[in-house]
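All remarks here apply to the structure that follows.
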């Protein structure tokens with residue numbers, strides 16, 4: 001039995017060239033399985049514009065965005 005809603009946390013650091021495509025692919029796959037989900041982009045000190053792309057993706061209300069100005073590293 002599937003849960004009613006899932007949350008996916010996607011870590012990102014310097015992923016400007018692939019972030020949008022990857023998020024859209026993830027959404028496409030999830031929507032085949034369930035209708036209620038959220039994707040949390042945890043951006044960690046990127047220097048290549050990943051933060052800008054992530055902040056634009058939150059226009060979709062299923063996407064949330066967490067940003068750190070400095071690189072905190074894995075698990076932080």
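Within region 4-21, how many residues are closer than 19 Å to residue 31 by Cβ and touching a residue at least 12 places away in the same chain (Cβ under 8 Å)? Walk me through it before giving the result.
From region 4-21, those closer than 19 Å to residue 31 by Cβ are 4-10, 19-21; that's our starting set.
In the following step, the residues that additionally are touching a residue at least 12 places away in the same chain (Cβ under 8 Å) were identified as 4-10, 19-20.
Looking only at that region, the number is 9.
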Exercise. Within region 36-56, can one find any residue that is out of contact with any helix residue (DSSP H, G or I) (no Cβ under 7 Å at 6 or more places or on another chain), exposed (fewer than 13 other Cβ atoms within 10 Å of the Cβ) and closer than 23 Å to residue 3 by Cβ?
Worked result: yes
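Each value in this text was obtained by applying a stated rule to the coordinates, not by laboratory testing. These numbers were taken from a predicted model, which means no experiment stands behind them. Please note: Cβ atoms are built from the backbone with ideal geometry, for glycine as well, and neighbour counts cover all protein chains shown.
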